[in-house]
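The values are calculated or read from the model by the stated rules, or taken from the named source; none is laboratory data. For clarity, every value in this text was computed on a predicted model and none was experimentally measured. Each accessible area value is taken on the protein alone, full model and side chains, heavy atoms only, with ligands, DNA and RNA left out. Shrake-Rupley method; radii C 1.70, N 1.55, O 1.52, S 1.80 Å.
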Amino acid sequence: MTLSDILDGAFKLLKANWRTLVLITAAFVVPLHIVSAFVQRNLYSGRSFFEAVNNPALRSNGNASSNAQLVVGGVVALISLLVAPFVAGAISKVVAASYLGGEETAGSALRATGRRTWALLAAWFLVHLLEGIGTLFCILPGLIFMALFVAVAPAIVIEELGPIRGMRRSWRLMKPRLFPVMGIALVAGLLAGVVGNALGTVPSLAALAIGLKYGWPLLAAGSILSALITTPFVAIVATLLYFDGRIRQEGLDLQLMADELARRP
């Protein structure tokens, strides 16, 4: 599949399975973003951002509480990163079933992902460690590691692999097309960022205009709406890259056709 094929396929799969994908994503992101928005309700004493601009006392209060906000924001961001592989794993299970002509419920996908908890966590830590080391030396090595391990979560959940075997599997499937995979992953991430900002900007600005004392639910709604669309999209792209690698290197499409013919009377 080319870049356009994968992006088009991602949008089609998102549309075809949106209920299940939204349920899976919401189970993880809704509590996080509600908590994150709630703890920010006293920023600028809960007043409007525009009032704070014209009131030095409110700006001082906002600066005094900024450290606490940063700590809470950092904790929420860390938890979001930790749950990311579970969201990706569960979504990859749904996408795999849909891609292969079947159907997977949100509950069964979450249970299947839960059985791979330790593998997903260990792989997440190892992959981010390698990406961090690569980025320290130069940005390019970090991007290379990102591309090589983009299919780790689908490999671990779909094939029920351990963390090291899942990383090796992703490496083996992505390595022959390293730079095209890197380009697809970067474009998908950029597109998700643009869409996420477009969906979340209006509610966030409205919350700041009202004041977070009463507007924090709007802030949470904007973040949740953005995550419910962008998180499944990125996970679907990773799953399609996984299947594309298997088709190119293992003839998966021919195997599926043979299995289909064998089932016919």
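Per residue, segment 155-246 exposes 43 Å² of accessible surface when a 1.4 Å probe is rolled over the protein heavy atoms with every protein chain present.
Here segment 145-227 is treated as a sphere whose radius is the Kirkwood value from Cα pairs; by Stokes-Einstein at 25 °C and 0.890 mPa s it diffuses with a coefficient of 163 µm²/s.
Atom-type composition of the exposed protein surface of segment 205-245 places 78 percent of the accessible area on carbon and sulfur (1.4 angstrom probe).
A 1.4 Å probe, protein heavy atoms only, puts the accessible area of W18 near 120 Å².
Residue separation of L190 and I79 scaled by 0.36 nm, minus their Cα-Cα distance, works out to 37.7 nm of gained length.
Across all Cα atoms of segment 91-224, the radius of gyration (one decimal) and Dmax (whole number) stand at 18.4, 53 Å. Amide hydrogen proximity for G162: with H placed 1.01 Å from N in the peptide plane, no residue at 5 or more positions away or on another chain lies under 5 Å. Close amide H contacts of G211 (hydrogens built in the peptide plane, cut-off under 5 Å, sequence separation of 5 or more or a different chain): F49.
For segment 77-85, take each phi angle, set θ = phi - 60°, evaluate the Karplus expression 6.51 cos²θ - 1.76 cosθ + 1.60, and give the result in whole Hz per residue in order, putting x for glycine and proline. Per residue, the Karplus-derived 3J(HN,Hα) values read 4, 5, 5, 4, 5, 5, 7, 3, x Hz.
Among the protein heavy atoms, those of H128 account for about 80 Å² of accessible surface (1.4 Å probe, every chain in place).
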